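What follows draws every value from the coordinates through simple rules; no lab data is involved. Here the structure is a predicted model, which means the values were calculated and not measured. All Cβ positions, glycine included, derive from the backbone under ideal geometry; neighbour counts span all protein chains shown.
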Amino acid sequence: MKRLLPSPFLSLALWLLWLLLNLSVSPGNLLLGAVLGFLAPLLMRPLRPQPIRFRRPWTILRLFLLVGRDVLVSNLLVAWGVLNNGRRPVRSAFVKVPLDLRNANGLAALSTITTVVPGTVWSELSLDRSILLLHVFDLEDEAQFIQHFKTTYERPLMEIFE
């Protein structure tokens, strides 16, 4: 059954979303939505990363709180940098962060964290997944930023996913 319907909840969600977007429960839309819900997970199965196995739930909670704190602090710092742009120029830069994290799910979580925290943008990941290129809005000390990034985000994700 798993081979024929790899993600039943995803199939159901796609079918319902199709019906919701079309605002119709006509037989044609019911059938087309069912076909979409059936075929999309089958065709996308090779793109899915390995199954997720969470380890260390307290590390997940700690990481969630750290990211929340960094989101608040970064919002204030970015707002302050924008408001004071005339007095002090912003020192934006690209930073190459060496990565030890190799798990695809961990890298996806890291990219989400990077996107959520204001002032940082995930720019590029090397093909061998060893170097991450980030754009930082206002960079004071590159070495300190890399150390903070690795200890605050990468190390907990390695504990959780590897």
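Structural remarks
- Rel. contact order, % - alpha carbon contacts under 8 angstrom, at least six apart, the range 57-161: 37 percent
- By the Cα gyration tensor, the range 8-47 has an equivalent ellipsoid whose semi-axes, rounded to whole angstrom, run 19, 9, 7 from largest to smallest.
- For LEU139, the residues whose amide H sits under 5 Å from its own are ARG91, SER92, ALA93, ignoring neighbours fewer than 5 places away on the same chain, with H placed 1.01 Å from N.
- Only DSSP H runs of four or more residues enter the estimate; each adds -39500 (n - 2.57), and after division by the residues of the chain the mean residue ellipticity at 222 nm equals -17500 deg cm²/dmol.
- Potential lengthening between THR151 and LEU36 on full extension [0.36 nm per residue; Cα-Cα distance subtracted]: 37.2 nm
- Residue by residue, the range 91-102 carries 3J(HN,Hα) couplings of 9, 7, 7, 8, 10, 9, 9, x, 10, 9, 6, 10 Hz when phi is fed to the Karplus relation 6.51 cos²θ - 1.76 cosθ + 1.60 (θ = phi - 60°); x denotes Gly or Pro.
- Ranked for footprinting exposure by Cβ neighbours inside 10 Å, fewest first, MET44, MET1 give MET1, MET44.
- Legend: calculated FRET efficiency, ALA143 to ILE60, from the Cβ-Cβ distance at R0 = 30 Å, rounded to 0.05, equals 0.60.
- Positive end of the dipole of the chain (Cβ unit charges, origin at the Cα centre): among LEU30, GLY106, SER123, the Cα lying farthest that way belongs to LEU30.
- Ratio of the Cα radius of gyration of the chain to 2.2 N^0.38 Å, where N counts its residues: 1.37
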